[in-house]
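Below: the structure, in structure tokens.
Where a number appears in this text, it was derived from the coordinates with a stated rule and is not lab data. The structure displayed is predicted, hence computed values, not measured ones. With ideal geometry, Cβ positions are generated from the backbone for all residues, glycine too; neighbour counts draw on all protein chains shown.
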Amino acid sequence: MCTRDRRIPVQTANRTPVGKRKTIHVGPSIGRLLMFVTCLNMACLVQFSRAQEKITVRVLDGKTGEKISPNNLEARINRQQSYHIEWVKMNDDGTVQLTLPDNATALSVRATYANSIDYYVNCDMARQKDTSAESWYPVKDILTDGLAIPNDCVKAKDADKVKVEAKPGELVLFVRKLNWKEQAMQ
């Protein structure tokens with residue numbers, strides 16, 4: 001009995017002559033899939049590019065109305081417990097730029113002083129017994145009209161001296177340092 005030789009000769013060189021490259025034809029289903037994936041990626045990029053809101057925060061002394069440059073600013077959104085310092089960018093002019101995600105509906109901010117050891121008291125909470133309580137500000141109102149928090153750190157007769165207007169996309173935060181009683185309680 002005789003068996004055929006089953007060895008296949010090995011290809012040792014490129015059989016396509018130079019200048020005669022073959023074109024790859026993509027079937028209609030693969031072409032549609034590639035087009036779909038490309039469109040999906042572009043839609044995600046567009047969604048991501050508008051997924052962040054920017055808010056400018058001006059920190060002012062509640063008694064004098066002068067600009068204060070805090071050491072740091074801590075931001076929280078949607079009544080969550082985690083602080084997000086990575087959203088904060090301190091500018092040279094003393095303002096703070098916050099970059100918030102698109103799902104942010106409420107914002108709480110706290111400024112620090114003395115090398116970020118002590119927190120300023122927000123002046124909308126200055127007359128409360130617990131001055132460390134946090135205030136939540138609506139992000140939508142800040143973006144559309146701007147928001148200047150109420151200033152309870154100044155007496156009523158001097159309120160006109162420190163009154164400021166907030167621009168759209170701006171949060172004006174009136175603060176004061178801890179008094180001696182508050183420092184003793186810590």
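In this simple spin-label model, placing a label point 7 Å from the Cα along the Cα-to-Cβ direction at both Asp141 and Glu86 gives a separation of 3.0 nm. The stretch between Met185 and Ile117 holds 23.0 nm of extra length on full extension. This uses 0.36 nm per residue minus the Cα-Cα distance.
Could you give the length gained on full extension between Asp102 and Lys157, defined as 0.36 nm per residue of separation minus the Cα-Cα distance, in nm?
Extending this stretch completely gives an extra 15.8 nm.
Take the Cβ atoms of Lys177 and Asp93, set R0 to 35 Å, and the FRET efficiency comes out at 0.95.
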